[in-house]
Amino acid sequence: MSDIELVLRSTRVITPEGTRAATVAVAGGRIAAVLPYEADVPPGARLEDFGDDVLLPGLVDTHVHVNDPGRTEWEGFWTATRAAAAGGITTLVDMPLNSLPPTTTVGHLRTKREVAARKAHIDVGFWGGALPDNVKDLRPLHDAGVFGFKAFLSPSGVDEFPHLDQERLARSMAEIAGFDGLLIVHAEDPHHLDSAPQRGGPEYAHFLASRPRGAEDRAIADLIEQAKRLEARVHVLHLSSSDALPLIAAAKAERVRITVETCPHYLTLTAEEVPDGASEFKCCPPIREAANQDLLWQALADGTIDCVVTDHSPSTADLKTADFATAWGGISGLQLSLAAVWTEARKRGHSLEDVVRWMSTRTAALVGLGARKGAIEAGRDADFAVLAPDETFTVDPAALQHRNRVTAYAGRTLSGVVRSTWLRGERIVVEGEFTEPKGQLLTRTP
Ligand SMILES: [Zn+2]
């Protein structure tokens, strides 16, 4: 093993077989071997000893709105990937909307890739978008390397990304199933939303009532029916309604090809604690009650929910008005996601291994990167986070790297300090100091 350039040592390395003291050998940006803790350092290799800090695989966040180009006053690849790196995330997959252009044609994808290439501090991949009128673009986008296609079943919040009705959903799903692609869906039923009371104003209770669980449940039931009929592969984005869990569990038992994600804010924040007018807590579907949250945790534990992603979706601060009806809907959680989830997970008796499974291994697998990312195992990319899991910090928005330092987590005390983050064997951030961008653009591997 003379080509080993780096060895990383910790008393707590999270591997697929569990947490153990180990030495991780890196060559050519990949993990060459996971060796016993006492293994000799090969001649010429550099040793980094993290002591009792935990070495875990870099997180893979498959749901991020970077908004670049076009709405870079909201966010951008430079700031988003720095925030991600600071939070222990080494791969993100960018959502197709809120940038201008949206990622809905191969030409638009090319534009996005050119912009991202110069600014990516971590590895970046792209979702495509399924619109009412771009069915012909889906296969070319798939061939160009997008990881799948996002569709909305209700208005998306931006005019250039219209939603699909059931007929158009079926058409897009059939096309995508034709090449065994993945359709990822914002599942809220528009008719159900229309019939909910739309009272507006600063009261969180009014906002919550305007996006009822039933809207999610209806949309997910319809999605399951279509997926079953077309034998399509579908993924439910940002599940919030615990009432949909029995439907999903039943579909999985019937071998419908469905996976489900939820988000740190649904797992760590509750409707009961959102102050009126505090639209930094607004997202769609909304943060629901504590009892709902308990059931989401149970579903993660039993596998009904597969993974946890941020749905980081910022805007400028002025769009976060005190009226929940008109404020921009989106939570900025990229840098804090690992600490937020870990803080709550440990309280509920889950291990850091569970968190790694939900936020790295399973998300990597979702987008077909399971052979490259998501675990500390020979052959995979040498992407790591070094975490002090018992150290706490209080969230200071000024310490966040994303462009608009609005956050629902301000003032919270969280467990888990990311000491450094490593991408393909290079330390890309340590104590707030970043290297030049070293991220690569990822494409779906056939
Ligand atoms: Zn989103």
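Brief remarks follow.
- Comparing VAL386, LEU336, ALA375 along the charge dipole axis of segment 292-446, the residue lying farthest to the positive side is ALA375, per the Cβ-charge model.
- Taken about its Cα centre, segment 100-160 carries a charge dipole of about 220 debye when Lys and Arg each add +1 at the Cβ and Asp and Glu each add -1 at the Cβ.
- In terms of overall dimensions, the C-alpha atoms belonging to segment 58-366 reach 46, 42, 42 Å along their principal axes, ordered largest to smallest.
- Using alpha-carbon coordinates, inclination of helix 337-347 to the longest axis of the chain, degrees: 90
- Over 27 Å (Cα to Cα) - which of LYS320/LYS373; LYS150/LYS320; LYS228/LYS347 fall in this group: LYS320/LYS373; LYS228/LYS347
- Gain on full stretching of the segment that runs from GLU38 to ASP180 - 0.36 nm per residue minus C-alpha separation: 46.6 nm
- FRET efficiency for the pair ALA398 and GLU73, taken as 1/(1 + (r/R0)^6) with r the Cβ-Cβ distance and R0 = 22 Å, rounds to 0.70.
- Tilt relative to the chain, helix 166-178 - C-alpha long axis, 0 to 90 degrees, to 10: 30
- For GLY125, the residues 5 or more places off, or on other chains, whose built amide H falls under 5 Å of its own are LEU92, VAL93, ASP94, LEU442.
- A Förster radius of 30 Å combined with the Cβ-Cβ distance from ASP143 to SER195 puts the calculated FRET efficiency at roughly 0.15.
- In order along segment 38-53, the phi-based Karplus estimate (6.51 cos²θ - 1.76 cosθ + 1.60, θ = phi - 60°) of 3J(HN,Hα) comes to 8, 4, 5, 7, x, x, x, 8, 8, 9, 10, 10, 8, x, 8, 5 Hz; Gly and Pro are listed as x.
- Here the spin labels are modelled as points 7 Å beyond Cα on the Cα-Cβ line, and at GLU433 and ASP243 they lie 5.4 nm apart.
- Taking the Cα centre of the chain as reference, the dipole from Cβ charges on Lys and Arg (+1) and Asp and Glu (-1) amounts to some 780 debye.
- Computed from the C-beta positions of ALA378 and ARG110, the FRET efficiency with R₀ = 45 Å rounds to 0.80.
- Note on segment 272-369: with charges restricted to the Cβ of Lys and Arg (+1) and Asp and Glu (-1), its dipole about the Cα centre is near 300 debye.
- Extending 7 Å from the Cα toward the beta-carbon at both GLU353 and ARG30 defines two label points whose distance is 2.6 nm.
- When the charge dipole of the chain is built from unit charges on Cβ atoms (+1 for Lys and Arg, -1 for Asp and Glu) and taken about the Cα centre, the candidate among ILE4, LEU208, ILE428 whose Cα reaches farthest toward its positive end is ILE4.
- Degrees separating the helix 290-302 axis from the principal Cα axis of the chain, which is the longest one: 50
- Relative contact order, percent, segment 364-446 [alpha-carbon distance under 8 Å, six or more residues apart]: 29
- Across segment 89-105, coupling constants 3J(HN,Hα) worked out from phi with the 6.51/-1.76/1.60 Karplus curve, θ = phi - 60°, read 8, 10, 9, 10, 10, 7, 6, x, 10, 5, 7, 10, x, x, 7, 10, 9 Hz, and Gly and Pro carry x.
- Near ARG233, the amide H atoms lying under 5 Å from its own belong to LEU183; only residues 5 or more places off or on other chains count, and H is placed 1.01 Å from N.
- Contact order, relative form, for the chain: 21 percent (alpha carbon pairs under 8 Å, 6 or more residues apart, mean separation divided by residue count).
- Modelled spin-label separation between LYS228 and THR443, with each label point placed 7 Å from Cα along the Cα-to-Cβ direction: 3.8 nm.
Read-outs throughout are calculated quantities, based only on the coordinates presented, and are distinct from any laboratory measurement. Given the structure is predicted, the values throughout are model-derived calculations rather than measurements. Glycine also receives a Cβ, built like all others from the backbone with ideal geometry; neighbour counts cover every protein chain displayed.
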